[in-house]
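Scroll down for the structure; my scribbles are underneath it.
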Amino acid sequence: MAAERLSRATVAEAALRLGDEQGLEAVTIRRLAQELGVTPMALYWHFKNKDELFLGVVDHALADVRADRSASDPWPVQLRSMVESLVAAMRRHPILPDLLHQSDKARATSFSRATEDTLVLLTQAGFTPQEGYWIGSHLLHGVIGLVHAQVETPPSNGGIGVDEWRRMRRIELECLPMDQFPMMVQIGATYAEEPDPERYYAFGIELLMSGVEAMARGRSAARPLSS
């Protein structure tokens with residue numbers, strides 16, 4: 001790629017692709033320059049160091065995690081949409097949780113905008129700004145846990161395929177003593193079914209949002225009626 005065709009977006013996208021394929025440690029200015037077919041100096045025009053590169057990548061990856069404040073949708077609908085967008089971003093880019101952990105994410109414009117949108121929606125729900133910030137943090141880490149866990153898959157160092165791993169896992173669970181682990185034995189039967197990632201993620205999002213909405217309803221019910 002010619003240096004004149006580079007932009008912050010194309011560099012960030014290339015960094016995401018490299019990190020998703022080979023891990024965050026592979027994302028260096030020198031390695032990225034090799035991938036793009038340019039000199040490291042061409043990248044320094046856009047990002048002066050690795051920290052700035054990581055911020056740019058976070059900013060690019062979270063660009064769609066926004067609320068439409070001009071919309072008439074109630075706060076739970078808009079917040080759920082943001083959570084769904086965050087899940088989608090992390091599913092597309094497995095490197096993103098590590099990037100968020102290792103970068104000063106609050107300096108990324110997209111992250112700050114998403115945080116502001118979240119606080120606005122949660123104050124509409126009756127939470128204080130401090131409570132809204134806590135909820136936003138819990139939602140972020142809940143999504144990271146949801147995506148990191150995924151639908152159960154074999155260990156990366158197991159050396160066996162998914163189908164064989166699921167067969168072995170089913171046998172292990174169904175061989176447990178029924179008098180001690182009756183529910184675990186029942187779960188074993190589910191390993192004969194094809195995993196449904198979309199259902200798994202939808203269930204996880206519903207779990208996260210239900211807690212926020214239930215707490216908001218409790219706050220509303222406890223609030224004294226105005227005379």
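The values are calculated or read from the model by the stated rules, or taken from the named source; none is laboratory data. Predicted model, so just to flag it, every value in this text is computed and none were measured. With ideal geometry, Cβ positions are generated from the backbone for all residues, glycine too; neighbour counts draw on all protein chains shown.
Which residue, of Ser210, Ser220, is in a helix (DSSP H, G or I), modelled with pLDDT of 95 or more and loosely packed, with under 12 Cβ neighbours inside 10 Å?
Numbers: Ser220 fails: modelled with pLDDT of 95 or more.
After ruling out the rest, the residue left standing is Ser210.
Looking at segment 105-121, which of its residues are of a type in the set (A, V, I, L, M, F, W, C) and either part of a helix (DSSP H, G or I) or loosely packed, with under 14 Cβ neighbours inside 10 Å (or both)? Can you show your working first?
Kept after step one, since they are of a type in the set (A, V, I, L, M, F, W, C), are these residues of segment 105-121: 106, 108, 111, 114, 119-121.
Selection gives Ala106, Phe111, Ala114, Leu119, Val120, Leu121.
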On the basis of being among the polar types (S, T, N, Q) and not assigned by the TED database to the domain that holds Pro76, does Gln186 make the cut?
yes
From the residues in segment 37-72 that are more than 15 Å from Ser112 (Cβ to Cβ) and β-branched (Val, Ile, Thr), which one is surrounded by the fewest Cβ atoms within 10 Å (Cβ to Cβ)?
Thr39
Within segment 144-158, identify whether any single residue is of a type in the set (D, E, K, R) and either modelled with pLDDT under 95 or surrounded by fewer than 13 Cβ atoms within 10 Å (Cβ to Cβ) (or both), and answer yes or no.
yes
Looking at segment 7-36, I want the residues that are more than 21 Å from Ala63 (Cβ to Cβ) and assigned by the TED database to the domain that holds Glu52 and have a partner that is assigned to a loop (DSSP other than H, G, I, E, B) and among the hydroxyl-bearing types (Ser, Thr, Tyr) with Cβ atoms under 7 Å, at least 6 apart or on another chain. Which pairs are those?
Ala33/Thr39
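Just checking, which of Gln102, Gln34 is over 18 Å from the mean Cα position of the chain (by Cα) and surrounded by fewer than 16 Cβ atoms within 10 Å (Cβ to Cβ)? Can you show your working first?
Numbers: Gln102 fails: over 18 Å from the mean Cα position of the chain (by Cα).
The match here is Gln34.
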